[in-house]
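Engineer: Before I ask anything, let me first share the structure, which is written out below as C-alpha cells.
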Amino acid sequence: MRYSALSLLRGALNGHRDWPQAWRNPSLKGSYDAVIVGGGGHGLATAYYLAKQHGMRNIAVLEKGWLGGGNTGRNTAVSRSNYFYPESTRFFDHSLRLYEGLGRELNFNIMLSQQGIIGLAASRHELETYRRWVTAMQLQPVDAELLTRDQVAARVPLLNMSRRARYPVYGAFMQKRGAISRHDAVAWGYARAADALGVDIIQHCEVTGIDVAGGAVCGLRTTQGTVRSDKVALAVAGHSSELAAMAGLRLPIESQALQAMVTEPVKPCFDHIVISPAVHCYLSQSDRGEFVIGGGTDLYPSYGQRGSLRGTEAVLGAVVELYPALSRMRLMRQWAGIVDISPDTSPIIGKTPVTGLYLSTGWGTGGYKAIPAGGETLAWTMAEDRPHELIEPFGLDRFVSGRLIDEGAASGVAH
Amino acid sequence: MMRIECPCCGLRSEDEFRCGGESHVARPAEPAAVDDETWSAYLYLRENPKGVHYERWHHRYGCGQWFNVARDLVSHEIVAVYPMGAGKPQLDRGGRA
C-alpha cells in the first residue's frame, strides 16, 4: 500500500488498526539470481536498486540479526559530502543528492533535516586548512563556505566562545546541505520498497560458509540451509574480514569500535550538526530532543560492541568544555558499532578476485551517508559485472596499484 | 577498560598504551625482488579475526617498550603477553596460553 496523507487520515479514523505489515517474512529459497549478505542500509539499498533499476526480482538479503540492527541502527545519522578529493566528493555528493529525494523515492518519511554541518576551527592553522578545503569543494562544485567567529557564535549560541576557552573558536567550515535523518527509517524504507519489488529479506539467517568452485562463487551455507547463487555481495561492515575469509580472501580491513551516546531529551536548542575535529567530538539534537554525541574510534582492533571508557571520557570531556550548558545533562544510552577501517579510510567497493563475489566495505566511520549511492553503484556493478564509474577508484585493486585515496586528513576528523 | 601487563612496568591502564596493529607480519626479505601483489599483501592485508588476535603494543606513556599481546577481540581478554621477536604462543582450545 502507498503511504500518503489520505492513508494516514484513514488510519487515524479507524484507530490505526488496519495498517498492513510493511514487508513479508519469507523463508529461504534454494536458489537466487543474487544474494546480498547484510541487512543493513547498504545491503537493503543494493537489493532495492538491483530490483528497481536492473529488473532483477529473484534476490535475497540475508541478515544475521534483525533488519538495520547493526551499524545502521547504531550510527549518528549524519549525511554530508564535504570531502577533499574529487573521487570522494563526486561519490558522496551523489549520495547526498539521493538522500535529498529518498523520502519520495521510497514513499517512506526518512525525516531528512538539512540543518547544515559546521566544523569548528580551533586554531588559525586549522582555519587555513579549511579555507583550502572549502575552495577545493567549491571548485568541484559542492556547496561549502567559511564562517567567521561571530557567525559561528550566532548560529551555535550554546558554544563556549570565551577567549579563554580550552578549545577556542577561530571560525568554521559549513556545508548547509549537511543533514541528519532517521536511520531506522532509511533501513525500513529500503526494506519495504525492496520487498514490494519481490526481494526476499531473510532475518536471523547467519552465513556460515561461502562455496567457491573454479574461482567463482556458487552458493552460501547458512543457519537456515544452503542457497545457490552465482552473484553474492558482502555488505557486512565490521565483519567483512570474517565473511571474506570464508571465500578465501584476506582484506585490508581492521575492525574497530566506534561509539555514540545520547542524553536525556530537552527542548530544541541546537540547530546544526557541529563537529570539532581537533578534539573529535560531534553533536546534533534529534527530533526527540536528545543530544546525539559521537567521537572517534577506539584505536585498537575490536569486535566488542561496547566502546572503551577512555573513548567515552574523551568525547564527554570535549562536550563539556565546548558546551558548558550540557554539563549537568544525564546520559541515557551509550553503545558502539564495529566499523571497517581501510588503510586510506576510503571505502572498498566493487568486484573481488573471486568471480561473482562483490564487496562493499571500508566505510569506516562514515557508512551511513553513503547508503543510497553505495547501494545504487554496487547494484549496477553486480548487474553489469564491471565497476560503476563512481566507484571505479574505490576498488580493492588500488592497494596493489598504489593509487590510494587518502581521505584520512580531509574527511573532517583526525584519525 | 582494559588493563595490560607491561613486561617492564606491570599491570597498567590501557590509557598508557598504544596498539601497533597485527604482529608477525613478515617483511619480504628482498623487497625489490617481490611483485606488487606480495608487497601489497605485506603492507595492507590483515587477519582481523573475530577471536584471538596477535598484536603489538607500545607502552607509550610508560617505559616506551614494544611487546606482543594475544587478545580476544570480542571480550578484550588478554590471553598472553610475550616479547617482540618471539613466536606466537601456543593456545589451547579454549584460547588460553
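The values are calculated or read from the model by the stated rules, or taken from the named source; none is laboratory data. Keep in mind that what you see is a predicted model, and the values were worked out from it rather than measured. In this analysis, Cβ positions are derived from the backbone assuming ideal geometry, glycine residues included, and neighbour counts consider all displayed protein chains.
Engineer: So, in region A:380-402, how many residues would count as being touching a strand residue (DSSP E or B) at 6+ places or on another chain (Cβ under 9 Å) and among the hydrophobic types (A, V, I, L, M, F, W, C)? I'd like the intermediate steps shown before the answer.
Structural biologist: Step one: of region A:380-402, the residues touching a strand residue (DSSP E or B) at 6+ places or on another chain (Cβ under 9 Å) are A:381-383, A:385-388, A:391-392, A:394-399.
Right, trim to among the hydrophobic types (A, V, I, L, M, F, W, C) and you get A:382-383, A:391, A:394, A:396, A:399.
Total satisfying the criteria: 6.
Engineer: Oh, and also: Between A:Val354, A:Val279, A:Val274, which is among the β-branched types (Val, Ile, Thr) and in contact with a helix residue (DSSP H, G or I) (Cβ under 7 Å, 6 or more places away or on another chain)?
Structural biologist: On the way: A:Val354 fails: in contact with a helix residue (DSSP H, G or I) (Cβ under 7 Å, 6 or more places away or on another chain); A:Val274 fails: in contact with a helix residue (DSSP H, G or I) (Cβ under 7 Å, 6 or more places away or on another chain).
Sole residue among the options that is among the β-branched types (Val, Ile, Thr) and in contact with a helix residue (DSSP H, G or I) (Cβ under 7 Å, 6 or more places away or on another chain): A:Val279.
Engineer: In addition: In this structure, does A:Ser302 turn out to be modelled with pLDDT of 95 or more and among the small types (Gly, Ala, Ser)?
Structural biologist: On the way: modelled with pLDDT of 95 or more: yes; among the small types (Gly, Ala, Ser): yes.
Considered against the rule, which asks whether it is modelled with pLDDT of 95 or more and among the small types (Gly, Ala, Ser), A:Ser302 comes out as yes.
Engineer: Next question, about the same structure. Does region A:196-217 contain any residue that is farther than 18 Å from A:Ser31 by Cα, crowded, with 24+ Cβ neighbours inside 10 Å and modelled with pLDDT of 95 or more?
Structural biologist: no
Engineer: Within the set of pairs 6+ apart or on separate chains, which have a first residue in region A:106-129 that is part of a loop (DSSP other than H, G, I, E, B), a second that is among the β-branched types (Val, Ile, Thr), and C-beta atoms under 6 Å apart?
Structural biologist: If the second residue must be among the β-branched types (Val, Ile, Thr), the pairs left are A:Ile110/A:Val186.
Engineer: Which of (1) part of a strand (DSSP E or B); (2) away from every other protein chain (no Cβ under 11 Å) is the odd one out, the single condition B:His24 does not satisfy?
Structural biologist: If we test B:His24 against (1) part of a strand (DSSP E or B); (2) away from every other protein chain (no Cβ under 11 Å), just (1) comes out false.
Engineer: Given (1) farther than 28 Å from A:Glu313 by Cβ; (2) in a helix (DSSP H, G or I), identify the lone condition not met by B:Asp15.
Structural biologist: Against the list (1) farther than 28 Å from A:Glu313 by Cβ; (2) in a helix (DSSP H, G or I), B:Asp15 comes up short only on (1).
Engineer: With (1) among the polar types (S, T, N, Q); (2) within 14 Å of chain A (Cβ to nearest Cβ); (3) out of contact with any helix residue (DSSP H, G or I) (no Cβ under 7 Å at 6 or more places or on another chain) as the list, and B:Gln90 as the residue in question, which single condition is left unmet?
Structural biologist: (2)
Engineer: Is there any pair linking a residue in region B:2-18 that is free of Cβ contacts under 8 Å to residues at least 24 places away in the same chain to one that is aliphatic (A, V, I, L, M) and loosely packed, with under 15 Cβ neighbours inside 10 Å, with Cβ under 7 Å and at least six apart or on different chains, and which?
Structural biologist: From residues that are free of Cβ contacts under 8 Å to residues at least 24 places away in the same chain, the pairs are B:Arg3/B:Leu11; B:Ser13/B:Met1; B:Glu14/B:Met1.
Engineer: Is it fair to say A:Leu359 is within 14 Å of another protein chain (Cβ to nearest Cβ) and under 17 Å from the mean Cα position of the chain (by Cα)? Walk me through how you get there before you give the answer.
Structural biologist: Numbers: within 14 Å of another protein chain (Cβ to nearest Cβ): yes; under 17 Å from the mean Cα position of the chain (by Cα): yes.
The answer is yes for A:Leu359.
Engineer: Determine, yes or no, whether A:Thr263 is within 14 Å of chain B (Cβ to nearest Cβ), in contact (Cβ under 8 Å) with a residue 60 or more places away in the chain and not aliphatic (A, V, I, L, M).
Structural biologist: On the way: within 14 Å of chain B (Cβ to nearest Cβ): no; in contact (Cβ under 8 Å) with a residue 60 or more places away in the chain: yes; not aliphatic (A, V, I, L, M): yes.
No.
Engineer: Out of (1) surrounded by 23 or more Cβ atoms within 10 Å (Cβ to Cβ); (2) among the aliphatic types (A, V, I, L, M); (3) more than 13 Å from chain B (Cβ to nearest Cβ), what's the single condition that is false for A:Ile348?
Structural biologist: Here A:Ile348 clears every test but (3).
Engineer: Go through region A:266-305 and report how many residues are more than 21 Å from A:Ile118 (Cβ to Cβ) and either within 14 Å of another protein chain (Cβ to nearest Cβ) or surrounded by 20 or more Cβ atoms within 10 Å (Cβ to Cβ) (or both).
Structural biologist: Result for region A:266-305: 9.
Engineer: Note down all Cβ pairs under 6 Å where the first residue falls in region A:136-160 and is over 19 Å from A:Tyr170 (Cβ atoms) and without any contact (Cβ under 8 Å) to a residue 24 or more places away in the chain, the second is part of a helix (DSSP H, G or I) and hydroxyl-bearing (Ser, Thr, Tyr), and they're at least six residues apart or on different chains.
Structural biologist: Pairs that qualify, where the first residue is over 19 Å from A:Tyr170 (Cβ atoms) and without any contact (Cβ under 8 Å) to a residue 24 or more places away in the chain and the partner is part of a helix (DSSP H, G or I) and hydroxyl-bearing (Ser, Thr, Tyr): there are none.
Engineer: Yes or no: region B:52-62 includes at least one residue that is facing chain A (nearest Cβ under 8 Å), surrounded by fewer than 15 Cβ atoms within 10 Å (Cβ to Cβ) and free of Cβ contacts under 8 Å to residues at least 60 places away in the same chain.
Structural biologist: There is no residue in region B:52-62 that is facing chain A (nearest Cβ under 8 Å), surrounded by fewer than 15 Cβ atoms within 10 Å (Cβ to Cβ) and free of Cβ contacts under 8 Å to residues at least 60 places away in the same chain.
Engineer: Within 30 Å of A:Met174 (Cβ to Cβ) and in contact (Cβ under 8 Å) with a residue 24 or more places away in the chain: is that true of A:Leu357 in this structure? Walk me through how you get there before you give the answer.
Structural biologist: Details: within 30 Å of A:Met174 (Cβ to Cβ): no; in contact (Cβ under 8 Å) with a residue 24 or more places away in the chain: yes.
When the stated conditions are applied, A:Leu357 does not pass them.
Engineer: Filter region A:306-317 down to residues that are at the interface with another protein chain (Cβ under 9 Å from one of its Cβ atoms) and touching a strand residue (DSSP E or B) at 6+ places or on another chain (Cβ under 6 Å) and give me whichever is nearest to A:Cys281 (Cα to Cα).
Structural biologist: Result: A:Ser308.
Engineer: Checking A:Gly362 against (1) touching a residue at least 24 places away in the same chain (Cβ under 8 Å); (2) over 30 Å from A:Arg403 (Cα atoms), only one condition comes out false. Which one?
Structural biologist: (2) is the only condition that A:Gly362 fails.
Engineer: Just to be sure I understand, how many residues within region B:29-40 are assigned to a helix (DSSP H, G or I), surrounded by 12 or more Cβ atoms within 10 Å (Cβ to Cβ) and more than 7 Å from chain A (Cβ to nearest Cβ)?
Structural biologist: Result for region B:29-40: 2.
Engineer: What is the one condition in (1) assigned to a strand (DSSP E or B); (2) out of contact with any His (no Cβ under 7 Å at 6 or more places or on another chain); (3) within 14 Å of another protein chain (Cβ to nearest Cβ); (4) more than 20 Å from A:Leu249 (Cβ to Cβ) that B:Arg71 does not satisfy?
Structural biologist: Of everything listed in (1) assigned to a strand (DSSP E or B); (2) out of contact with any His (no Cβ under 7 Å at 6 or more places or on another chain); (3) within 14 Å of another protein chain (Cβ to nearest Cβ); (4) more than 20 Å from A:Leu249 (Cβ to Cβ), B:Arg71 misses just condition (2).
Engineer: Exactly one condition in (1) modelled with pLDDT of 95 or more; (2) out of contact with any Phe, Trp or Tyr (no Cβ under 9 Å at 6 or more places or on another chain) is not met by A:Gly364; state its number.
Structural biologist: Every condition holds for A:Gly364 apart from (1).
Engineer: Any idea which residue in region B:1-12 is farthest from A:Gln259 (Cα to Cα), counting only those that are in contact with a strand residue (DSSP E or B) (Cβ under 8 Å, 6 or more places away or on another chain) and in a loop (DSSP other than H, G, I, E, B)? Reasoning before the result, please.
Structural biologist: Taking region B:1-12 and keeping what is in contact with a strand residue (DSSP E or B) (Cβ under 8 Å, 6 or more places away or on another chain), we get B:1-7, B:11-12.
Now drop any that are not in a loop (DSSP other than H, G, I, E, B), which leaves B:1-2, B:7.
Values: B:Met1: 14, B:Met2: 16, B:Pro7: 30 Å.
Filtering first and then ranking leaves B:Pro7.
Engineer: Find the residue count for region B:67-83, including only residues that are among the hydrophobic types (A, V, I, L, M, F, W, C) and either without any contact (Cβ under 8 Å) to a residue 40 or more places away in the chain or surrounded by fewer than 13 Cβ atoms within 10 Å (Cβ to Cβ) (or both). Please lay out each step first, then the result.
Structural biologist: Of all residues in region B:67-83, those among the hydrophobic types (A, V, I, L, M, F, W, C) come to B:67, B:69-70, B:73-74, B:78-81.
Those still in the list that are either without any contact (Cβ under 8 Å) to a residue 40 or more places away in the chain or surrounded by fewer than 13 Cβ atoms within 10 Å (Cβ to Cβ) (or both) too: B:70, B:73-74, B:79-80.
Total meeting the criteria: 5.
Engineer: For residues that are outside any loop (DSSP other than H, G, I, E, B) and in contact with a helix residue (DSSP H, G or I) (Cβ under 8 Å, 6 or more places away or on another chain), scanning just region B:41-51, find the one that is nearest to the other protein chains (Cβ to nearest Cβ).
Structural biologist: It comes out as B:Tyr44.
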